Each structure stands twice: as C-alpha cells, then as structure tokens.
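Report on one structure; see the data block that follows.
Just so you know, all these numbers are worked out from the coordinates, no wet-lab data involved. Just so it is clear, the model here is predicted, and its values are computed rather than measured. Every residue, glycine as well, gets a Cβ built from its backbone with ideal geometry; the counts of neighbours run over all protein chains shown.
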Amino acid sequence: MRLDKFIVKSTEYSLTEAKAIIENSRVVINRLIVIKATHQVHKNNVVTLDGKVLTPRRFRYLMLNKPVDTICSNVDEKYPSVLNLLDVDKVTELHIAGRLDADTTGLVLITDDGHWSFNLTSPKNKCKKLYTVKLSRPISSDATTLFAEGILLQGETKLTLPAELHIIDAYNVLLSLTEGRFHQVKRMFSTIGNRVKSLHRQQIGNLELNLDSGQWRYLTPAEVDALSVLN
C-alpha cells in the first residue's frame, strides 16, 4: 500500500493531509525517515508518525447488487455512483473491483484492499464471471462453438479467451468469461450479428449474488478467503 494511503487508513487524516505529513519528515518506516508519499508499505514494516506506531483499520469487503442507471465510479457523473447506496463510514476509502456499465446490473465487489482487488481482476488469474444475457434476436445455432473457440472483436488482433455459452432459450443465455475486455460481452454478441438487450452479472468465482437490486452486505471471512484463493 502507498504510504499516504496507509496513513489515511491508520488515522483520521485526509489524503492531502497525509502527503503533507510525509513531506514534513514526520513518518518513519523501520527507523528510517520516508518523505515520498508513493513509498510502498509492506506487511512486516513498522510505521510511526511522530513516534506513535500506526495500525491500519481492517480491510472491508462488500457485495452489492448494482441497479441499472448507476455507475461503478467513486464520484457521480451522468448517473449516480453505486457508492451512494452504501451506509458505511469512510466510503471514500472504498473502490470497485471489476466495473459494470451503467446499463448493466448485478454483482459488484467493493473493498478498500487494493492488493485483493488487483489480483481478483488481473487477467492472468482467469477468474470466471457468469452473466445472464437477454438478446434482441434469436441466438445462432453455432454461437456456442464460436464462443468456445474465441471471437475476434472489432479493432483487436487477438481472439477472446474461450468462453462457455449455455443457451436457455432463443433469446436468453448464460455466458461465463475469464477476462474483461472493454464492453466485451456486448462486442462478442455484436460480432456474431446479435445485440444485448440486458446484461446481469450473477457470479464472480464461486461467489453468487444473493441480494435484491440496490442491496448490499459484507462478505463473510469464508467468502473473502475463497476469492483470495484466486490471487
């Protein structure tokens, strides 16, 4: 974790205040004064501020069922941020691990553990995400094979990784992906001549969504550990 963020997580100071504190040589790591806010703090480091040892607050891990017309951002834009739905302290310390488009609903993970979220969303770990997809046209008979072999998206040179497509009926499918390219699901169906009418993320790894739209809850330690195995 960056030193300035470590101080924010260990005190009541803002990020701006933390940077000023560091620049004023008030922070010591393992008996050495550190004046760079970007300095990385590791688990075995002893960090002191004005001689007092700092202990960061415990990390938080939440799931939320994202409603339509909300955005996975820390600030409101055209649509409101999903963080407005949370009733927690220090909400500005949280971030979204794996974003969804404004018109996409479903499972969103929210945390203040940057290492956990980075590894969870890293393409190399191939964490599966399960989506329910409603289409505007009947699904083609060869779609399952095409998705399993990989799709060449417009403007790209590499095929998508193999994806599992399960057809529920002509207009509804389940799609499991292990990567997250820009607008990937919509672009994959567009490539085979179809259009996504609605998209809902139901599962990440082995964690299934079990909340109504707009609701949230903390993950259990077992759920956090299960997703950590992917790291």
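Observations, loosely collected:
- Sequence-distant residues sharing a close amide H with Val41 (under 5 Å, placed H): Arg2, Leu3
- With a threshold of 32 Å on the Cα-Cα distance, the over-threshold entries among Lys78/Lys197; Lys43/Lys186; Lys9/Lys78; Lys19/Lys126; Lys36/Lys90 are Lys43/Lys186; Lys19/Lys126.
- Shape call, segment 177-231: gyration tensor on alpha carbons, a/c limit 1.5: oblate
- The stretch between Thr48 and Arg137, if pulled fully straight at 0.36 nm per residue, gains 25.9 nm over its current Cα-Cα span.
- Cβ-based charge dipole, segment 3-53, positive-most Cα from Ala18, Asn45, Ile7: Asn45
- Convex hull volume per residue in cubic angstrom - Cα atoms of the chain: 146 Å³
- Between the amide H of Lys197 and those of Lys134, Leu135, Ser136, distances stay under 5 Å, these residues lying 5 or more places away or on another chain, with hydrogens modeled in the peptide plane.
- Amide H to amide H, with H built 1.01 Å from N, Leu54 comes under 5 Å of Val47, Thr48, Leu49, counting only residues 5 or more places away or on other chains.
- Each Lys and Arg Cβ is given +1 and each Asp and Glu Cβ -1; about its Cα centre, the chain then shows a dipole of about 500 debye.
- Averaging Cα coordinates gives a centre for segment 84-148 and one for segment 16-78; these two points are 25 Å apart.
- In order along segment 140-151, phi translates into HN-Hα couplings of 6, 5, 9, 4, 4, 5, 4, 5, 5, 7, x, 10 Hz, rounded to whole numbers, per the Karplus curve 6.51 cos²θ - 1.76 cosθ + 1.60 with θ = phi - 60° and x for Gly and Pro.
- Prolate/oblate/rounded label for segment 128-204 (Cα gyration tensor, a/c 1.5): rounded
- Check: segment 66-176 dipole with +1 on Lys, Arg Cβ and -1 on Asp, Glu Cβ, in debye: 360 debye
- Model label points for Tyr218 and Leu32, set 7 angstrom from Cα along the Cα-to-Cβ axis, are 3.6 nm apart.
- Dipole moment magnitude, nearest 20 debye, segment 128-204 about Cα centre, only Lys, Arg, Asp, Glu C-beta charged: 360 debye
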